[in-house]
Amino acid sequence: MPELSLSDIGQISRDVRKEEISFSHLADELIDHICCDVEDMMRSGMNFSDAYRSVREKMGHGKLRDIQKETLYAVDTKYRNMKKTMKLTGIAGTVLLGFAALFKIMHWPGAGIMLSLGGLLLAFVFMPSALGVLWKETHNRKKLFLYISAFLAAMFFTLGVVFKVQHWPGAQKILILAALCGVVLFIPALLATLLKDQEKKSRRMVYLVGATGLAAYILGLLCKIQHWP
């Protein structure tokens, strides 16, 4: 009966860990399950490479992370509540902003209230809960700075737009903070994460050009909104 070597098991373990499976004992169970499936296919005469490739194709991309999400949702009450809060406030905030834009264009009353509520919901409820869900699902300390910088940039941008449309004081400062968080913190953190991926070496130039273009676009948009030359 064919058996997996230590190097074969090591390769499967590394691939599972790359999927950022953070839930206790789930990674070990998934590794054991995949090893059993590969051994079953090897009994039919396939070598390890072909059998493992076939198992991965059947599972599909991102399937392991989906399994983790379902497991967390089933057993972790705190995660389940955060997930529900994230979904509800995300939908409510987006709907409110959509109606606020319509009411603003049509000069109907109530646009300001809906815009304020939608922006505050997204900035102070949806985004923190989304950050908590993301951390719960990955527990990846290497990407923590990336997550926090993205959260800060999105939060300041949402608040800045609300303050700008409502003509409240402080809008310019908030938008500047959003741009700085995006250009100085988020884009470099995202670029560093992408460049560290050894499997995507051929795309490094694309990432560099894309990051430069995105930074220029954000700064240009800020100058346009602020009426700077």
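The values are calculated or read from the model by the stated rules, or taken from the named source; none is laboratory data. As the structure is a computational prediction, the values presented were derived from the model and not from experiment. Positions of Cβ are generated from backbone atoms using ideal geometry, with glycine treated the same way; all protein chains shown enter the neighbour counts. Calculation scope for accessible area: heavy atoms of the full protein, side chains included, ligands and nucleic acids excluded. Shrake-Rupley method; radii C 1.70, N 1.55, O 1.52, S 1.80 Å.
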key: Inter-label distance for THR212 and ALA192, nm, one decimal - labels placed 7 Å from Cα along Cα-to-Cβ   = 2.1 nm
ask   = Given +1 on the Cβ of Lys and Arg, -1 on the Cβ of Asp and Glu, and no further charges, what dipole in debye does the chain carry about its Cα centre, rounded to the nearest 20?
value = 1200 debye
task = Read through the labelled values [x] 75, 41, 29; [y] 54, 43, 28; [z] 61, 40, 28 and report the label of the one computed as Cα extents along the principal axes in Å from the structure.
result = [x]
query = Modelled label-to-label distance, ASP50 and HIS107, 7 Å Cα→beta-carbon offset: nm?
reply = 7.4 nm
message = Please compute the modelled spin-label separation between SER202 and CYS36, points set 7 Å along Cα→Cβ, answer in nm with one decimal.
response = 3.7 nm
request  = Could you tell me how many degrees, from 0 to 90 and to the nearest 10, lie between the Cα long axis of helix 187-196 and the main elongation axis, the longest principal axis, of the Cα atoms of the chain?
outcome  = 10 degrees
query = Just from its helices, what would the mean residue ellipticity at 222 nm be for the chain, if runs of 4 or more DSSP H residues each count -39500 (n - 2.57) and the sum is divided by every residue, rounded to the nearest 500 deg cm²/dmol?
reply = -25000 deg cm²/dmol
note = In the chain, taking the dipole from +1 charges on Lys and Arg beta carbons and -1 charges on Asp and Glu beta carbons about the Cα centre, the listed residue (THR94, PRO229, ILE12) farthest towards the positive end is PRO229
Local electrostatic count at ASP66 - Lys and Arg +1, Asp and Glu -1, tallied over other residues with Cβ under 12 Å = 0
message = So if I take the centroid of the Cα atoms in the stretch 166-192 and the same for the stretch 92-131, what is the distance between those two points in Å?
response = 20 Å
inquiry  = With an 8 Å Cα cut-off and a minimum separation of 6 or more residues, compute the relative contact order for the chain in percent.
reply    = 14 percent
inquiry  = Keeping all protein chains in place and using 1.4 angstrom, which order do LEU222, LEU152 fall into by accessible surface area, from largest down?
reply    = LEU152, LEU222
Rounded accessible area of LYS201 (nearest 10 Å², 1.4 Å probe) = 120 Å²
inquiry  = Could you work out the relative contact order of the stretch 148-206? I mean the mean sequence separation of Cα pairs under 8 Å and 6+ apart, divided by the number of residues, in percent.
reply    = 34 percent
message = Could you tell me the relative contact order of the stretch 1-113? Use alpha-carbon pairs under 8 Å, at least six residues apart, and round to a whole percent.
response = 20 percent
query = Going from most exposed to least, what order do HIS139, HIS25, HIS107 have by accessible area with a 1.4 Å probe?
reply = HIS107, HIS25, HIS139
request  = Relative to the longest principal axis of the C-alpha atoms of the chain, give the angle of the C-alpha long axis of helix 127-138, reported between 0 and 90° and rounded to the nearest 10°.
outcome  = 10 degrees
request  = Would you mind classifying the stretch 141-229 by shape? Square roots of the alpha carbon gyration tensor eigenvalues, ordered a ≥ b ≥ c; an a/c under 1.5 is rounded, otherwise it is prolate if a/b is larger than b/c and oblate if not.
outcome  = oblate
message = I'd like the orientation of helix 63-75 relative to the chain: the angle between its Cα long axis and the longest Cα principal axis, in ° from 0 to 90, rounded to 10.
response = 70 degrees
